[in-house]
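Accompanying notes for the structure given below.
The values are calculated or read from the model by the stated rules, or taken from the named source; none is laboratory data. Treat the numbers as computed from the prediction; the structure is a model and nothing was measured. Neighbour counts are summed over all protein chains in view; Cβ atoms, including those assigned to glycine, are modelled from backbone coordinates with ideal geometry. Accessible surface areas use protein heavy atoms only, side chains included; no ligands, DNA or RNA. Shrake-Rupley method; radii C 1.70, N 1.55, O 1.52, S 1.80 Å.
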Amino acid sequence: MAANVKQEPVEDTDLETRVLLMCHQNPEGITDALIQEDMPHFDVKQRVTAINRLLSTGRIDLLKSSSGKLIYKLKDSSSQDAVKGSDQQEKVVYQIIKDAGNKGIWIRDIRFKCNLLLTQVNKILKNLESKKLIKAVKSVAASKKKVYMLYNLEPDRTVTGGAWYSDQDFESEFVEVLNQQCFKYLVQKAEAAKETKVDPIAQRNSSYASSHDVWKYISELGISKVQLSVEDIETILDTLIYDGKCERSIVVGAGDSDKSKKLYRAINPVIQSTGLMRMPCGSCPVFHNCYEGGAVSPTTCIYMKDWLQL
C-alpha cells in the first residue's frame with residue numbers, strides 16, 4: 001500500500017517562490033508592505049503561512065532596518081556554513097556583522113537590528129569571538145568604543161585612521177616629516193624647471209609633478225615604516241595646498257583614457273595672507289556650519305585652540 005504524501009497547496013508554494021525571488025531582487029531586504037503590493041491577490045493568512053515556512057526552513061532572515069521597519073532578507077549560504085550548529089539568534093547577529101563589511105558595526109546598532117537584550121548580544125558576541133568568526137576593532141572616531149566585523153577582514157581606513165594613526169594615536173611628527181619632504185621635492189622640481197632657460201609657459205609646465213611622482217620619491221627615501229599609497233600622498237599634498245605652499249592642476253585623460261591626473265607645483269605667494277586667512281576660520285570648509293551648541297563650534301574646535309597657543 002502506497003504511503004500518503006502530504007502535498008503543499010500550489011498557491012502557497014507559488015507565494016514562497018515569489019517571496020524568495022523578491023528577496024533575491026532586493027538584497028537590502030523587503031517589507032510586508034512590498035510583498036502585499038506585489039501580490040495583492042493573496043490574503044494575510046496565506047502570506048504569514050508562507051513567510052513562517054521560509055523562516056523555519058532557514059531560507060530567509062527577519063531583521064530590522066535602520067528606519068525601524070521589519071524586513072526579510074535572503075539567507076546567505078556562506079554565513080550558514082560559518083555558523084553551522086549555532087542557534088538562530090547567533091546566526092542573525094553574525095549576518096548583521098557580515099553585512100556591515102570592513103567598516104564594522106557598533107554593539108548599539110547590532111542590538112537595534114536584532115532586537116535582543118544587551119546581555120544576550122554580549123553573550124553571542126563572546127561566543128562568535130571565541131570561534132574566531134568575528135573580531136572587535138577599536139575605532140579612531142571613538143577610542144572607547146569598539147566595532148565588530150568578520151575575523152578575516154582588514155579594517156577600513158576610516159576605522160583605523162590609515163597610515164596616520166598608530167594604536168589610536170595620531171602620528172603628528174610623521175605627518176610633518178612627510179609634509180616637509182613632499183614640499184622639498186616640489187621645490188626641487190620647480191628649481192630644475194627654472195634652470196632649463198626655456199619660455200615661461202614651458203618652464204611652468206615642467207615644474208609640475210604628478211602625485212605618483214611624489215609617491216615614488218617618498219617611497220625611495222624609506223622614511224615610512226608603513227606602506228603608503230598614492231592617495232595617502234595626495235592627502236599630504238592637500239595640506240600643502242591649504243598652507244598656500246603649492247597648487248594643484250587636474251589633467252583629464254586624452255584619447256581612450258578617461259582617467260584624470262593630478263599635478264602639483266610649488267608656489268610662492270605674491271602677497272602675505274591677512275590675519276583672518278591665517279586663522280583656522282579663514283580656510284575652514286565647514287565655516288558656515290559652525291555655531292555654539294552644534295557639531296562644529298568655536299568652543300570645541302581643536303584647530304582654534306592650537307592656533308591660539310601659537
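Scanning region 157-171 for residues that are open to solvent by 70 Å² or more (accessible area, probe 1.4 Å) and part of a helix (DSSP H, G or I) turns up Arg157, Thr158.
Is it the case, given these coordinates, that Val147 is over 29 Å from Gln88 (Cα atoms) and open to solvent by less than 60 Å² (accessible area, probe 1.4 Å)? Against the criterion (over 29 Å from Gln88 (Cα atoms) and open to solvent by less than 60 Å² (accessible area, probe 1.4 Å)), Val147 does not qualify. Screening Lys69 against (1) modelled with pLDDT of 85 or more; (2) within 30 Å of Arg18 (Cα to Cα) leaves a single unmet condition, (1). If you go through region 273-293 and pick out every residue that is open to solvent by 100 Å² or more (accessible area, probe 1.4 Å), at pLDDT below 80 and more than 30 Å from Asn205 (Cβ to Cβ), you end up with 2. Looking only at residues in region 23-53 that are touching a residue at least 40 places away in the same chain (Cβ under 8 Å) and not in a helix (DSSP H, G or I), the one that is nearest to the chain's Cα centre (by Cα) is Glu28. Taking (1) in contact (Cβ under 8 Å) with a residue 40 or more places away in the chain; (2) part of a helix (DSSP H, G or I); (3) open to solvent by 60 Å² or more (accessible area, probe 1.4 Å) in turn, Glu154 satisfies each apart from (2).
Going by the structure shown, is Val93 part of a strand (DSSP E or B), hydrophobic (A, V, I, L, M, F, W, C) and either on the phi > 0 side of the Ramachandran plot or open to solvent by less than 80 Å² (accessible area, probe 1.4 Å) (or both)? No, not satisfied.
For Asp109, are the conditions met, namely being open to solvent by less than 80 Å² (accessible area, probe 1.4 Å) and not hydrophobic (A, V, I, L, M, F, W, C)? For Asp109, the condition - open to solvent by less than 80 Å² (accessible area, probe 1.4 Å) and not hydrophobic (A, V, I, L, M, F, W, C) - is met. Applying the set (1) at pLDDT below 75; (2) over 26 Å from Tyr185 (Cα atoms); (3) aliphatic (A, V, I, L, M) to Val270 leaves exactly one unmet item: (2).
When you look at Gln80, is it modelled with pLDDT of 80 or more and polar (S, T, N, Q), yes or no? The answer is no for Gln80.
Val121 meets each of the listed conditions (1) at negative phi; (2) in contact with a Leu (Cβ under 8 Å, 6 or more places away or on another chain); (3) not basic (Lys, Arg) apart from (2). Of the residues examined, Ser130 is not one that is more than 15 Å from the chain's Cα centre (by Cα), at pLDDT below 85 and either aliphatic (A, V, I, L, M) or open to solvent by 50 Å² or more (accessible area, probe 1.4 Å) (or both).
Of the candidates Lys194, Lys245, the single residue that is modelled with pLDDT under 90, buried (at least 17 other Cβ atoms within 10 Å of the Cβ), at negative phi and charged (D, E, K, R) is Lys245.
A count restricted to region 199-220 and to residues that are aliphatic (A, V, I, L, M), within 21 Å of Ile233 (Cβ to Cβ) and either surrounded by fewer than 13 Cβ atoms within 10 Å (Cβ to Cβ) or out of contact with any helix residue (DSSP H, G or I) (no Cβ under 7 Å at 6 or more places or on another chain) (or both) stands at 0.
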